[in-house]
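> Okay, handing you the structure first.
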């Protein structure tokens, strides 16, 4: 795929459960000094594997989208604390966002808009009371009436959508989670008066990958046009 032909919003995901530190060792040469230092500081082997995998996947995807070498990118903290990729002193004309959970890493890229993604394992342990404490009331009410055997999945549907939004805006958890809410099916964001934004401009996509991972992506589209999302599952052998 040539850089000019990349889809408007493109997401790559890669399973990591079977990877070992030996498997990802060669990728360290692709990362920069800051990334390698971060890997070295991580105490848990599984966390080192996920971090190296996520950042190698990001460099592979930026390379595929731009035509530049995977080692060519450097990062700076940009608007609202989000990282931007540069080639030398030139900012790369791509937006990207990374997420990872135990067993899966993912990165999304677009030329057209800021975006956010979140991935979570659907069998992870969560405290459902978080919804009562931090979510908008309508979301907590919706969750409460879901069948008991679907409540965990329903919580993660809301959680990943909310994470995708706050990552797209760059506010992270400084954004109160009860100042916006979601209609879940199909995903649609709603704002309280505390957020001065046009909910019609936002687009969200959500799906389950590999029968185990909930993935949500969101972006603000100029003119409210749905840019569309293309998702690809990658294998580690395909990166470089």
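> For a quick check of your reading of the model, give me the residue pairs whose first member lies in the stretch 123-146 and is in contact (Cβ under 8 Å) with a residue 60 or more places away in the chain and at negative phi, whose second is part of a helix (DSSP H, G or I) and surrounded by 14 or more Cβ atoms within 10 Å (Cβ to Cβ), with beta-carbon atoms closer than 9 Å and at least 6 apart or on different chains.
These pairs meet every condition: 123/152.
> Out of all the residues in the stretch 191-200, is one or more crowded, with 21+ Cβ neighbours inside 10 Å, in contact with a strand residue (DSSP E or B) (Cβ under 6 Å, 6 or more places away or on another chain) and part of a strand (DSSP E or B)?
no
> Determine which member of the set 71, 34, 58 is more than 26 Å from residue 121 (Cβ to Cβ), in a helix (DSSP H, G or I) and in contact with a strand residue (DSSP E or B) (Cβ under 8 Å, 6 or more places away or on another chain).
Exactly one of 71, 34, 58 is more than 26 Å from residue 121 (Cβ to Cβ), in a helix (DSSP H, G or I) and in contact with a strand residue (DSSP E or B) (Cβ under 8 Å, 6 or more places away or on another chain), namely 34.
> Here's a check for you: in the stretch 156-178, which residue that is surrounded by 14 or more Cβ atoms within 10 Å (Cβ to Cβ) and farther than 22 Å from residue 221 by Cα is farthest from the chain's Cα centre (by Cα)?
Going through the qualifying residues, I end up with 178.
> Could you look through the stretch 22-44, keep only residues that are farther than 20 Å from residue 86 by Cβ and in contact with a helix residue (DSSP H, G or I) (Cβ under 6 Å, 6 or more places away or on another chain), and pick out the one that is surrounded by the fewest Cβ atoms within 10 Å (Cβ to Cβ)?
42
> Now a separate question. From (1) surrounded by fewer than 23 Cβ atoms within 10 Å (Cβ to Cβ); (2) in a helix (DSSP H, G or I); (3) in contact (Cβ under 8 Å) with a residue 40 or more places away in the chain; (4) within 17 Å of the chain's Cα centre (by Cα), pick out the condition that doesn't hold for residue 153.
With respect to (1) surrounded by fewer than 23 Cβ atoms within 10 Å (Cβ to Cβ); (2) in a helix (DSSP H, G or I); (3) in contact (Cβ under 8 Å) with a residue 40 or more places away in the chain; (4) within 17 Å of the chain's Cα centre (by Cα), residue 153 is out only on (4).
Let's see how each residue does on (1) modelled with pLDDT under 95; (2) in a helix (DSSP H, G or I):
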{"position": "116", "(1), (2)": "no, no"}
{"position": "127", "(1), (2)": "yes, no"}
{"position": "133", "(1), (2)": "yes, yes"}
{"position": "157", "(1), (2)": "no, yes"}
{"position": "160", "(1), (2)": "no, yes"}
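> On to the next question. Is it the case that the stretch 92-100 has a residue that's more than 17 Å from residue 11 (Cα to Cα) and surrounded by 15 or more Cβ atoms within 10 Å (Cβ to Cβ)?
yes
The values are calculated or read from the model by the stated rules, or taken from the named source; none is laboratory data. Worth saying up front: this structure is predicted, and the values here are computed from it rather than measured. All Cβ positions, even for glycine, are placed from backbone atoms using ideal geometry, and neighbour counts span all protein chains on display.
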